[in-house]
Amino acid sequence: MPTVLEHIDAIARQKQRDVLYLTFFDDPQGKRSVWTENQTRAQVIQWLDAHDIGWRECGEISNPNVMRGYRGSIYVDVCYDAGDPVYQQLAAFLDLPDGNVRLPNMRFWALSLDVAMTNAHHDEPGFWERWAEDF
């Protein structure tokens, strides 16, 4: 059965706050992989589940000029707040002290609500249906 995923910017607008998400990519050493085989993704999901941190699959920032399939991105249901102990725990797991990511083949992103709001017109009824007709 098909799964409908929400774009990360739509999630930010629903939550009315900045949101965190992770993207995963192929091995930079040339070994072709797909998101279902990404060991970092599996490790992150296992850690999130073990720490009772909510997450769900999501699309990247919506762009009507680009059509791409799902690439394994996940929304992490933690507020982007440096003072929040859960955020601190997540950041300590994902980032090195110098701010670089700890794990290979992934990126840790924060999307501001301000940026997400630039796509608010995507939430209008029928927007994506009209887009599909004109594609």
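Summary table
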quantity	calculated
Number of positions in the range 89-110 that are touching a Phe, Trp or Tyr at 6+ places or on another chain (Cβ under 6 Å) and exposed (fewer than 14 other Cβ atoms within 10 Å of the Cβ)	1
Of all residues in the range 68-88 being of a type in the set (Gly, Ala, Ser) and surrounded by 13 or more Cβ atoms within 10 Å (Cβ to Cβ), the one that is farthest from GLU6 (Cα to Cα)	GLY72
Output for the range 7-22, where each listed residue is outside any helix (DSSP H, G or I), in contact with an Asp or Glu (Cβ under 9 Å, 6 or more places away or on another chain) and more than 15 Å from CYS79 (Cβ to Cβ)	HIS7
Filtered residues of the range 95-120 (kept if farther than 23 Å from GLU6 by Cα and free of Cβ contacts under 8 Å to residues at least 60 places away in the same chain)	ASP95, LEU96, PRO97, ASP98, GLY99, ASN100, VAL101, ARG102
Top-ranked residue in the range 31-82 [being more than 27 Å from HIS121 (Cβ to Cβ) and among the aromatic types (Phe, Trp, Tyr); ranked as nearest to the chain's Cα centre (by Cα)]	TRP55
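Throughout, read-outs are computed from the coordinates displayed, never taken from laboratory work. Bear in mind the structure is a predicted one, so any value in this text is a computation, not a measurement. Counting neighbours? That spans all protein chains shown, and the Cβs are built from the backbone with ideal geometry, glycine included.
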